[in-house]
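J.: Here's a structure for you.
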Amino acid sequence: MKVSRFPLSTVKETPADAEIISHQLMMRAGMIRKIAAGLYSWQPLGLRVLRKAEAIVREEMNGAGALELLMPAVQPAELWQESGRWEQYGPELLRFTDRHNREFCIGPTHEEIITDLVRREVRSYKQLPLNYYQIQTKFRDEIRPRFGIMRAREFLMKDAYSFHIDKPSLDETYQQMYDTYTRIFTRLGLDFRAVRADSGSIGGALSHEFHVLADSGEDAIVFSSASGYAANLELAEALPPAGERPAPGKAMQTVDTPGVHSIEDVCKALDVNPEQTIKTLLVEGADGGVVALCLRGDHTLNEIKAEKLEQVAQPLTLASDEQIRAAAGCGAGSLGPVGVDIPVIADRAAAHLADFVCGANVDGQHLTGVNWGRDCPEPQVADIRNVVEGDPSPDGQGVAKIARGIEVGHVFQLGDKYSRAMKATVLDENGKEIIIQMGCYGIGVSRVIAAAIEQNHDEQGIRWPSALAPFQVALLGMNRKKSQRVREACDALYEEMLAAGLDVIFDDREVRPGVMFADMELIGIPHRVVIGEKNLDKGLVEYKSRRGGDNQDIARDGIIDFLT
Ligand code: ATP
Ligand code: MG
Ligand code: MG
Ligand code: MG
C-alpha cells in the first residue's frame, strides 16, 4: 500500500476528551473518528486492525466447531417480553417503534433471537450440541460512554450461543470456549487473565470473564497469592468452584429459619432489606422438603409476593447433584430463575444440606451457613467487594492481590434461563420433551483493539503486537524529493516486498523524514526499512524494530529474507 493511495490522517494534538492513552492514540493515529457520544467511524487504518482481530476470533471459533451465522441488529419486543427482559433490561436497551407502531429494540445481545431460531429449527436431541456465533454490531445505551471505542454505545461483538441436552454437554462446550478464548487472547498478544465473574443481566450459573490487565481498566480483580483463585470484585458471591466447601470469611450472624414458607418470611428471618435483590434462596417447603428459589437478578422482593412464587421460580425437573449444590449456595454462584421440584429432589437436597453449606445470596453478599434447623456449619459471609490488597484471599488461600482489568471476553452457563421462558425444547431418546441447556460466550472485538493499545504503546505512539498491526513493514525513502536514485530504489524494493507477500506500507509522500518517522511510529508499524543515498552506495538499507533496539544496517539484497 502506498501512502498516496491510503491517506494517513494523523494529528499531533491530543483531543481534549480523550482520557486514556488508547483513546488518545487511536484518535491521533486517525484510526477512528467520533460521530456522537459513543458512536465512532472506523477509518481504513483502524478497520484494518479491527479486521485482523476479527479474523483471529473467527478462525479460532471455526476451529472449535462453532458455526457462524448472522442475526438482525433490530429485534422485536415480543421476544424480549417472552424472556422477561423487556421489563428488566432498563435504559441500556434502546427501544423504538416502527411506522406500524410495533415495538423494537437494537440488540445489545442476542439470547432471545437465537433461542427463537433454535426452538424452531431444532427438534431432536440428535441435532445437539450446537454452537452458533456471529460477529456483529451491538448497541447499548451506556449511561457513560467513554474511553473511545473501549466503552462505546455501538460496538463490535463476537457472540456465541451453545445448545445442549444436558449439563455435562454444556460443561464440555463451556470448557472448550474457555480454552478457545485463552488461545484467541494469546494469539492477539495480550497479557490477560480469566477470572470468576458475576453473570449480570445475562443471567446463568457459572461465568468467567477474560480481563486484559491495565491500570486504566474499569474493573478491579482480586487474585490469591497462593492459589489459582481470581475473581472480579464486582462479583457478589465469592463462591469456590462447585464441590468445594466455602472458605472461612468474615462471620455473619446465625439466622434460624426453620419452617419458613414465604420469601417475606425468609427475608425477615435473614434481616435482609426487601428492596434488595435476592438471587438465591433456600426455603423449606410446606411439605417439609426444601425448595431452592433462584430469582431473576432484577426482581425485587416487593414485586415477588408469595403467591407469585411459582411464576418466578418454576419447578426444576432436571436437578442434577451439581445444580442442587449450586442452588444450596455451595456451587457455582448466582443462578438463573429456577426452582427445585420438591418431590424430585427433597431427599437429595436434604443430604446436601446436612453435608454442605446452604444459604442465600443478597445483592453484594453471600450468606452461607443459614441454619435450617439441621446440622449446618457456622454461617459465613463472603462479600468480596471490599477486599483490599493484603487481606486474606476470598478462597482462604494466601493473601489477596488486586489488579485493574479491562473485560474483553465473558463466558456464561445460562442453563435453562432462556430456553425455559421461551419453551425451547427437544425430544430426548425416549421421545420425551426436554428443555435445552444453553451457554453464551462474548468477546468485545472492538474493545480488544483499545485494550491492546493500553498494553502496547510508548512516547511515540502505538506498538502493535504483530497479529494486530495494520501493516507489518513501513518502507521510507530519505530525501525522495531530490534523489531520483532513492525514489527508484524505493519503488523497486516496494515491488519486491509485495511480490514476497509482505504487508508493506510505502510512504511515497514527499515530506520531511521526521514527519514520516513520526507517523509510522504513531500508527505502530512493527518493522521500518529506510532507504537513503549514503547507504545505497554501500548496498545497505536501515532497519529498525518498533519494539526497540538500535538501527541496524542490513544488506539491501538480504532485507526481504530478514523480514520474512
Ligand atoms: P462491561 O462490564 O464492560 O459493561 P458487560 O459485562 O456489560 O461489559 P457483556 O454483556 O459481558 O458486557 O458483553 C460481552 C463483551 O462485550 C464484554 O466482555 C466486552 O468486551 C464487550 N462490551 C460490552 N459493553 C461494551 C461497550 N459498551 N463497548 C465496547 N465493548 C463492550
Ligand atoms: Mg455493561
Ligand atoms: Mg462486566
Ligand atoms: Mg460481561
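J.: Return the sequence-ordered ³J(HN,Hα) values of region 154-164 in whole Hz as given by the Karplus equation 6.51 cos²θ - 1.76 cosθ + 1.60 applied to θ = phi - 60°, using x for Gly and Pro.
T.: My calculation for region 154-164 gives 9, 8, 9, 10, 9, 10, 10, 9, 10, 10, 9 Hz in order.
J.: Using only Cα atoms, what Kirkwood radius does region 120-182 have, in angstroms?
T.: 14.1
J.: Once you sort the root eigenvalues of the Cα gyration tensor of region 453-500 as a ≥ b ≥ c, which label holds: rounded (a/c under 1.5), prolate (a/b larger than b/c) or oblate (the other case)?
T.: oblate
J.: To the nearest 0.05, what FRET efficiency results for S545 and V74 with a Förster distance of 51 Å applied to their C-beta separation?
T.: 0.65
J.: Sort region 44-123 into rounded, prolate or oblate with this rule: let a ≥ b ≥ c be the square roots of the eigenvalues of the Cα gyration tensor; rounded if a/c is under 1.5, and if a/c is not under 1.5, prolate when a/b is larger than b/c, oblate otherwise.
T.: Oblate is the answer for region 44-123, as a/c is 1.5 or above yet b/c matches or exceeds a/b.
J.: Determine how many Å³ per residue the convex hull of the Cα atoms of region 379-492 encloses.
T.: 301
J.: What order do W80, W42, W86 take when sorted by accessible area (1.4 Å probe), most exposed first?
T.: W42, W86, W80
J.: What is the percent carbon and sulfur in the accessible area of region 461-513, measuring with a 1.4 Å probe over the protein chains and ignoring ligands?
T.: 48
J.: Could you go through region 417-430 in sequence order and give the Karplus-derived ³J(HN,Hα) for each residue, using 6.51 cos²θ - 1.76 cosθ + 1.60 with θ = phi - 60°, rounded to whole Hz, and x for Gly and Pro?
T.: Those phi angles translate into 3, 8, 5, 6, 5, 9, 6, 8, 10, 9, 8, 7, 5, 9 Hz.
J.: Just report the Cα centroid separation between region 211-235 and region 479-552, whole Å.
T.: Here the two parts' Cα centres lie 42 Å apart.
J.: Which value, in nm² and rounded to one decimal, describes the direction-averaged projected area of the C-alpha convex hull of region 95-205?
T.: Over every viewing direction, the Cα hull of region 95-205 projects on average to 9.8 nm².
J.: Is the shape of region 432-564 rounded, prolate or oblate, going by the alpha carbon gyration tensor and its root eigenvalues a ≥ b ≥ c, with a/c under 1.5 for rounded and a/b larger than b/c for prolate?
T.: Prolate, since a/c reaches 1.5 and a/b exceeds b/c.
J.: Where only protein heavy atoms count, and the probe is 1.4 Å, what is the accessible area per residue for region 97-194 in Å²?
T.: About 44 Å² of surface per residue is accessible.
The values are calculated or read from the model by the stated rules, or taken from the named source; none is laboratory data. This structure is a prediction, so every number in the text was calculated from the model and none was measured. Cβ atoms come from the backbone with ideal geometry, glycine included; neighbour counts cover every protein chain shown. Each accessible area value is taken on the protein alone, full model and side chains, heavy atoms only, with ligands, DNA and RNA left out. Shrake-Rupley method; radii C 1.70, N 1.55, O 1.52, S 1.80 Å.
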